[in-house]
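S.K.: Take this structure first; my questions come after.
Computed from the coordinates by the stated procedures, all read-outs in this text should not be read as laboratory data. In this text, all values refer to a predicted model and were calculated from it rather than measured experimentally. Every residue, glycine among them, receives a Cβ derived from its backbone with ideal geometry; neighbour counts consider all protein chains shown.
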Amino acid sequence: MALVTCDFFSDVLGLSTTMTVVLPQRTHAQIGMEGAERAGATPTLYLLHGLSDDATTWSRRTSVERYATELGIAVVMPQVAKSFYSDEVYGDRYWTFLTEELPSLARSFFHLSDRREDTFVAGLSMGGYGAFQWALRKPHEIAAAASLSGALDVASLHEAVLERGEGFEVLRKVYGDTSVRGSDSDLLHLLSTVDPATLPALYQMCGTEDFLLQANLDFRDTAARHDVPLTVDLRPGDHSWGLWDATIQDVLAWLPLR
């Protein structure tokens, strides 16, 4: 595999930013690892970071480069600050950046497939929210989406800040002072509006000791009420990299790669 740090200018954000990219490389002489690549444009996993992280964190705290090697899949890890992958009320347009500009730029820089069946997204915590938001709002673009310990009920998290001044104050910058419940930012609401037949495959993992467990259970139960197919993986663990390093291997094995 090749590991690329790509610094570029975003017209949507109006600033220079970065992404870390893992690219497949066919190799035979590496000790302990044999690389692979596929004919034609490369399938791509957009791998999203959490609230306190950046574009380098997945590659520094897991072995995702090694895990992706035998699959011949590219992994694109963008940087989005603390935006919750949203067009911020008081900030930048990270939703537009993620779902429109980033794929276009990545495909222009690298030989990546633009086919839905070759395009996947996954993320942890805030990134789990971003992954499922992309899958539910633009299902025609994504073949599979995975949330690891996802912050899947931002409406409740945001209301806790507005009503009690508790939790993630950054949500006031992202969503402003008006509740997002019932909007396109509310994943539980989106589950009630989507056509299950049009959705990508969805994989949800959360540790049973995670502080976001209840939000994940609520997402699971809401999906079941609306007949939205969902692979649910609840396992021992908390909000930590040991769990995510193990789970990303399962996610890669689960992806419907052609």
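S.K.: May I ask you to order 204-211, 166-173 by the average number of other C-beta atoms within 10 Å around their residues, highest value first? Could you put the intermediate results ahead of the total?
M.R.: Values: 204-211: 19.6, 166-173: 15.1.
Ranked from most to least packed, the peptides come out as 204-211, 166-173.
S.K.: Right, something else. What span do the alpha-carbon atoms of the stretch 124-165 cover on each of the three principal axes, reported in whole Å from largest to smallest?
M.R.: Largest first, the stretch 124-165 extends 39, 18, 9 Å along its Cα principal axes.
S.K.: Another question, if that's okay. Antiparallel as a % of all DSSP beta bridges within the stretch 62-208, to the nearest 5?
M.R.: Numbers: 1 of 11 bridges.
Percentage antiparallel, nearest 5: 10.
S.K.: Next question. Between residue 5 and residue 63, what FRET efficiency comes out of the Förster formula 1/(1 + (r/R0)^6) with R0 = 22 Å and r the beta carbon distance, rounded to 0.05? Before the final figure, lay out the partial values.
M.R.: Details: r = 18 Å, r/R0 = 0.80.
With a Förster radius of 22 Å, E is 0.80.
S.K.: Choose one answer from 136, 243, 105: the residue with the largest mean-square fluctuation in a GNM of the chain with alpha-carbon springs under 10 Å.
M.R.: Looking only at 136, 243, 105, the biggest GNM fluctuation is shown by 105.
S.K.: Based only on the alpha carbon positions, what is the Kirkwood hydrodynamic radius of the stretch 1-102, in angstrom? Each step should come with its number before you reach the end.
M.R.: Working: mean 1/r = 0.0686 Å⁻¹.
Across the stretch 1-102, the inverse of the average 1/r is 14.6 Å.
S.K.: Quickly rank 40-48, 88-96 as a protection proxy: mean count of other C-beta atoms within 10 Å, highest first. Don't skip to the end; give the middle numbers.
M.R.: On the way: 40-48: 22.2, 88-96: 17.3.
Highest to lowest by the protection proxy: 40-48, 88-96.
S.K.: Return the calculated 222 nm mean residue ellipticity for the chain, to the nearest 500 deg cm²/dmol, obtained by summing -39500 (n - 2.57) across DSSP H runs with n ≥ 4 and dividing by the residue count.
M.R.: When only DSSP H runs of four or more count, the value is -8500 deg cm²/dmol.
S.K.: Multiplying the sequence separation of residue 234 and residue 181 by 0.36 nm and subtracting their Cα-Cα distance, what value in nm do you get? Let's see the in-between values first.
M.R.: On the way: separation 53, 0.36 × 53 = 19.08 nm, distance 2.58 nm.
Here the answer is 16.5 nm.
S.K.: For the chain, give the magnitude of the charge dipole about the Cα centre (Cβ charges: +1 Lys/Arg, -1 Asp/Glu; no others), in debye to the nearest 20. The partial results should precede the final answer.
M.R.: Working: 20 positive and 35 negative charges, 105 e Å.
Charge dipole of the chain: 500 debye, to the nearest 20.
S.K.: So for the stretch 2-254, what are the equivalent ellipsoid semi-axes in whole Å, largest first, each being the square root of 5 times an eigenvalue of the Cα gyration tensor?
M.R.: Numbers: eigenvalues 163, 83, 62 Å².
Taking √(5λ) for each Cα gyration eigenvalue gives 29, 20, 18 Å.
S.K.: Sorting 66, 61 on the 10 Å Cβ count, fewest up front, what's the list?
M.R.: Values: 66 13, 61 16.
Ascending number of Cβ neighbours within 10 Å: 66, 61.
S.K.: Once you've got the GNM for the chain with C-alpha springs shorter than 10 Å, pick whichever of 163, 65, 101 has the biggest mean-square fluctuation.
M.R.: For the chain, modelled as a Gaussian network with Cα springs under 10 Å, the answer is 163.
S.K.: Full extension from residue 51 to residue 213: what is 0.36 nm times the residue separation minus their Cα-Cα distance, to one decimal in nm? Please report the intermediate quantities before stating the final value.
M.R.: Values: separation 162, 0.36 × 162 = 58.32 nm, distance 1.69 nm.
Computed gain between residue 51 and residue 213 is 56.6 nm.
S.K.: Fewest first, what order do 82, 138 take by the number of other Cβ atoms within 10 Å? Could the numbers behind the result be given before it?
M.R.: Working: 82 17, 138 13.
By the 10 Å Cβ count, ascending, the order reads 138, 82.
S.K.: Something else about it: Restricting things to alpha carbons, tell me how big the stretch 117-242 is in terms of Rg and Dmax, in Å.
M.R.: Taking only Cα atoms of the stretch 117-242, I get Rg and Dmax of 14.0, 43 Å.
S.K.: Relative to the present Cα-Cα distance, how much length would full extension add between residue 195 and residue 246 at 0.36 nm per residue of separation? Show your work: numbers first, answer last.
M.R.: Numbers: separation 51, 0.36 × 51 = 18.36 nm, distance 3.16 nm.
Roughly 15.2 nm would be gained on extension.
S.K.: Once the Cα gyration tensor of the stretch 60-133 is diagonalised, what are the square roots of 5 times its eigenvalues, in whole Å and ordered largest first, as equivalent ellipsoid semi-axes?
M.R.: On the way: eigenvalues 102, 52, 23 Å².
Computed over the stretch 60-133, the values are 23, 16, 11 Å.
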